[in-house]
Amino acid sequence: MDEKLVEELNARFSGKSPEDVIRWALDEFGDRVALANSFGAEDMVLTDMILAINPDARIFTLDTGRLPEETYRVMARVQEKYGKKIEVYFPRAEDVESM
């Protein structure tokens, strides 16, 4: 995005609700929009908003293999509540072995 477009979008969405911005993004970019979710409070609010607007919206998370057990429980509850499969991506094992 160039600076002019950013300024135009800032003006367009000034005073708009988060739902308005999400709705625009989904209309503008379709299934190329995906919400990254780490299952913190803010991400849960955004998950609720985006799925209320479009139940087919994509949601993904990154699983490093070192997440707290509570994160997996929250992910399972989210999938159950919304009937939505969360896309889970993993790093290559060799990239995190030395960490």
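The values are calculated or read from the model by the stated rules, or taken from the named source; none is laboratory data. Only a predicted model underlies this, so the values are computations on that prediction, with no experimental measurement involved. Ideal geometry is used to build each Cβ from the backbone, glycine not excepted, and the neighbour counts take in all protein chains shown.
Some notes on this structure:
- Of note, ASP20 satisfies the criterion of being over 26 Å from GLN79 (Cβ atoms), surrounded by 11 or more Cβ atoms within 10 Å (Cβ to Cβ), at pLDDT 95 or above and among the charged types (D, E, K, R).
- Residue, nearest to ARG92 (Cα to Cα), within the range 41-63, restricted to residues that are surrounded by 11 or more Cβ atoms within 10 Å (Cβ to Cβ) and not hydrophobic (A, V, I, L, M, F, W, C): ASP63
- Identity of the residue in the range 23-40, farther than 25 Å from ALA76 by Cβ and of a type in the set (Phe, Trp, Tyr), that ends up surrounded by the most Cβ atoms within 10 Å (Cβ to Cβ): TRP24
- The lone exception for ALA76 - which of (1) among the aliphatic types (A, V, I, L, M); (2) surrounded by fewer than 12 Cβ atoms within 10 Å (Cβ to Cβ); (3) within 22 Å of GLY30 (Cβ to Cβ) it fails: (3)
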